[in-house]
1. Sequence-distant or interchain residues sharing an amide H contact under 5 Å with Y292, placed H: which?
2. Hey, what do the phi angles of segment 262-270 turn into as Karplus ³J(HN,Hα) couplings, whole Hz, using 6.51/-1.76/1.60 and θ = phi - 60°, x for Gly and Pro?
3. Note the angle between two axes, namely the Cα long axis of helix 151-168 and the longest principal axis of the Cα atoms of the chain, as a number of degrees from 0 to 90, rounded to the nearest 10.
4. Calculate for the chain the 222 nm mean residue ellipticity that helices alone would give, adding -39,500 (n - 2.57) per DSSP H run of length 4 or more and normalising by residue count, nearest 500 deg cm²/dmol.
5. Please name whichever of W332, A84, F56 sits farthest to the positive end of the charge dipole of the chain, dipole taken about the Cα centre and charges placed at Cβ: Lys and Arg +1, Asp and Glu -1.
6. Answer rounded, prolate or oblate for segment 208-344, using the Cα gyration tensor with square roots of eigenvalues a ≥ b ≥ c: rounded when a/c is under 1.5, else prolate when a/b is larger than b/c, else oblate.
7. I want to check a number: in segment 241-329, how many lysine pairs have alpha carbons closer than 28 Å, given a sequence separation of 8 or more or different chains?
8. Evaluate E = 1/(1 + (r/R0)^6) for L254 and S169, where r is the Cβ-Cβ distance and R0 equals 22 Å; express this FRET efficiency to the nearest 0.05.
Amino acid sequence: MKERILVTGGTGYIGSHTVVELQNSGYEVIIVDNLSNSGADVVDNIEKVSGIRPAFEHLDCLDLNGMDALFAKYAGIKAIIHFAASKAVGESVQKPLLYYRNNLLSLINLLELMPKHNVGGIVFSSSCTVYGQPDELPVTEQAPIKKAESPYGNTKQINEEIICDTIASGSPISAILLRYFNPIGAHPTALLGELPNGVPQNLIPYLTQTAMGIREKLNVFGDDYNTPDGSCVRDFINVVDLAKAHVVAIARILQQKQKAKVETFNIGTGRGLSVLELISVFEQSTGVKLNYQIVGRRAGDIEKVWANPDYANTELGWKSETSIEDTLRSAWAWQLKLREKGIQ
Ligand code: NAD
Ligand code: WQD
């Protein structure tokens, strides 16, 4: 019998890639998604990639009774990967209550239902945003948590605390918190990728839309930072590599290999790349020239951050594998596919 894993937000960007990797590793996946930021057609594409159609429930994690019924319907769910959340930093400043409600209550519902349905563990999507601007780089999991720059970032910090407090209170569950750095790229088949809503706020979708001619110019926010070329530095992690980290985390929970009931791992490459370097690698690896200009800094941006992924490398046995060139080519192939489908 295949072990059953519930993936909330499983039709989303990172969730869809993770579902495929779970299926490839022999797990049975049940997806819950309210389709607030993804489409049901993603389920078809997951099936095209993996050859297996995952169970899909169009349901909101905020619906406690609905979630209760779901755990009863799919009896024997062993663990959860919780991706479902609202994730737009700027929007969270405009609509903080929407973000606090969605991101906090979805998790609380799951944590309440897990013991009742004998679900042993949860993998939670956290973010390097919890570190703010770290005092030391590369940043380790022991770095202090800095005051959040946005309500979105605050939900990640509070959710980590909610998980820790719940487990400290004696809840019979365990958890792995994965702090992602900057996930980018798409599935090599170009069947799965990121579908930004409206004008993209994140670098890669804005960049590929500009390369496609949908946007006139990419604005590079600032070249006067204290970095080698003055632009911000990030740790860009390939989305399939990131998806694989979840599979390893799930196996660790199911095989009871955890060293503590809550464990935290940085999921990054360990390599910092500046925005200008990234543009140059994009141009070289795709052969596409990008129209861009330097503009002023964006409020709230962190100057530089990249991961120390040693703990994930040694303890999880996970390592980022895909080159930045292949990752950017995959992002471009996905953008071309979107045009083919007439989406963007
Ligand atoms: P995404 O928006 O593509 O996926 C999230 C999915 O959750 C969407 O399909 C959406 O419809 C669904 N969803 C949202 N609220 C829901 C609810 N109440 N009930 C059911 N479904 C709901 O986002 P993503 O980039 O795949 O991010 C996944 C997770 O990773 C999020 O928790 C996000 O905060 C976190 N994260 C993302 C990044 C990033 O840069 N993409 C970085 C760090 C952490
Ligand atoms: C990357 C770099 C921009 C757009 C955000 C969230 C973080 C995490 C990942 C979830 C920055 C620059 C961007 C553009 C640019 N998400 N940029 N022109 O800000 O590192 O992180 O997503 O947890 O919480 O804050 O990602 O892709 O927006 O920006 O110059 O049009 O690209 O200034 O230096 P960021 P990003």
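The values are calculated or read from the model by the stated rules, or taken from the named source; none is laboratory data. All values reported here derive from a predicted model rather than from experimental measurement. All Cβ positions, glycine included, derive from the backbone under ideal geometry; neighbour counts span all protein chains shown. Accessible surface areas use protein heavy atoms only, side chains included; no ligands, DNA or RNA. Shrake-Rupley method; radii C 1.70, N 1.55, O 1.52, S 1.80 Å.
1. L218
2. Taking θ as phi minus 60°, the curve returns 10, 10, 10, 9, 6, 10, x, 8, x Hz for segment 262-270.
3. 30
4. -11500 deg cm²/dmol
5. Projecting each Cα onto the dipole axis, the largest value belongs to F56.
6. It is oblate, given that a/c is not under 1.5 and a/b is not larger than b/c.
7. 10
8. The pair L254/S169 has a calculated efficiency of 0.45.
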